[in-house]
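> A single structure is presented below for examination.
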Amino acid sequence: MDQKKVGAFMKGLRKEKGITQETFAEILGVTSRTISRWETGSNMPDLDILIQIADYYDVEIREILDGERKSENMNKELEETVLKVADYSNEEKMKLMKKLHIFSWIGVISFVIFMILEAMGLADSGYTEAIADFCAGLSFGILMVAVVYTSKYISKFQAFKKRLLKRQ
C-alpha cells in the first residue's frame with residue numbers, strides 16, 4: 001500500500017466535495033492536523049475512521065486503500081466483516097486502556113503512600129521502611145509497564161507472551 005497515493009486520493013475526494021480540512025476534521029471528530037497527515041501520506045486513519053471516510057465520500061474502503069477508484073462494488077458481507085474487525089480492534093484498545101488506567105491508579109496510590117511515609121520520617125527503619133520501599137518499587141514498576149503499554153512494542157510483547165503460554 002502506497003500511503004502517499006492513498007493520501008493524495010483522500011485529498012482529491014475532499015476537494016471533490018468542496019470542503020476544507022477543518023470542515024472534514026469536524027465531521028470525523030479529529031483535528032485538521034490529523035487530516036493533513038493523512039493527506040500527505042505520513043499517517044493513516046484507524047480502520048473505524050476509514051469506514052466513516054468511505055461512507056462519507058461514498059467510495060469503497062478498497063478504493064481508499066488502493067488510492068484509486070474501482071468500478072466494481074464492495075460486497076456487503078465484506079463490508080460487514082470489516083466493520084466487525086473495526087469493532088473488535090476498538091474493543092481490544094478499550095481493554096488495553098482499562099488495564100493501563102487500573103495500573104496507573106495503583107501506581108499513584110503506592111507513590112502517595114511512599115511520599116507520606118517519607119515525609120513523616122517513617123521510611124527509615126522497621127516495617128514502615130519495608131512498606132515504603134515496596135511502594136516506591138511498585139510505583140516505579142507500574143511506570144515501566146505504562147511505558148511498555150503505550151509504546152509501539154506492546155503487540156510484540158503480547159505475541160511473545162502468547163508463544164510462551166502455548167509452550168507450557
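The values are calculated or read from the model by the stated rules, or taken from the named source; none is laboratory data. All values reported here derive from a predicted model rather than from experimental measurement. So basically every Cβ, Gly included, is an ideal-geometry build from the backbone, and we count neighbours across all protein chains shown. We work out accessible area using only protein heavy atoms, side chains counted, and drop any ligands, DNA or RNA first. Shrake-Rupley method; radii C 1.70, N 1.55, O 1.52, S 1.80 Å.
> When VAL145 is evaluated against the numbered criteria (1) part of a helix (DSSP H, G or I); (2) out of contact with any helix residue (DSSP H, G or I) (no Cβ under 8 Å at 6 or more places or on another chain); (3) open to solvent by less than 100 Å² (accessible area, probe 1.4 Å), which criterion, by number, is the only one it fails?
(2) is the only condition that VAL145 fails.
> Only residues that are among the charged types (D, E, K, R) and either open to solvent by 80 Å² or more (accessible area, probe 1.4 Å) or in contact with a Phe, Trp or Tyr (Cβ under 7 Å, 6 or more places away or on another chain) (or both): list them for region 121-138, please. Walk me through how you get there before you give the answer.
Of the residues in region 121-138, the ones among the charged types (D, E, K, R) are 124, 129, 133.
Once the filter is applied, which keeps residues that are among the charged types (D, E, K, R) and either open to solvent by 80 Å² or more (accessible area, probe 1.4 Å) or in contact with a Phe, Trp or Tyr (Cβ under 7 Å, 6 or more places away or on another chain) (or both), region 121-138 yields ASP124, ASP133.
> Still on this structure: Which of (1) without any contact (Cβ under 8 Å) to a residue 24 or more places away in the chain; (2) over 24 Å from ILE49 (Cα atoms) does GLY107 not meet, given it meets every other one?
The one condition GLY107 does not meet is (1).
> Of the residues that make up region 149-164, is at least one open to solvent by less than 80 Å² (accessible area, probe 1.4 Å), at pLDDT 80 or above and among the small types (Gly, Ala, Ser)?
To start, the set of residues in region 149-164 that are open to solvent by less than 80 Å² (accessible area, probe 1.4 Å) comprises 149, 151, 154-155, 159, 164.
Narrowing further to those that are at pLDDT 80 or above: 164.
Imposing the further condition that a residue be among the small types (Gly, Ala, Ser) reduces the set to none.
No: region 149-164 contains no residue that is open to solvent by less than 80 Å² (accessible area, probe 1.4 Å), at pLDDT 80 or above and among the small types (Gly, Ala, Ser).
> Restricting attention to helices (runs of 4 or more DSSP H) lying wholly within region 1-82, give those where 2 or more residues are open to solvent by 80 Å² or more (accessible area, probe 1.4 Å) and in contact (Cβ under 8 Å) with a residue 24 or more places away in the chain.
Numbers: elements: 3-17, 21-28, 32-40, 47-57, 61-66.
Of the helices (runs of 4 or more DSSP H) lying wholly inside region 1-82, those with at least 2 residues that are open to solvent by 80 Å² or more (accessible area, probe 1.4 Å) and in contact (Cβ under 8 Å) with a residue 24 or more places away in the chain span 3-17.
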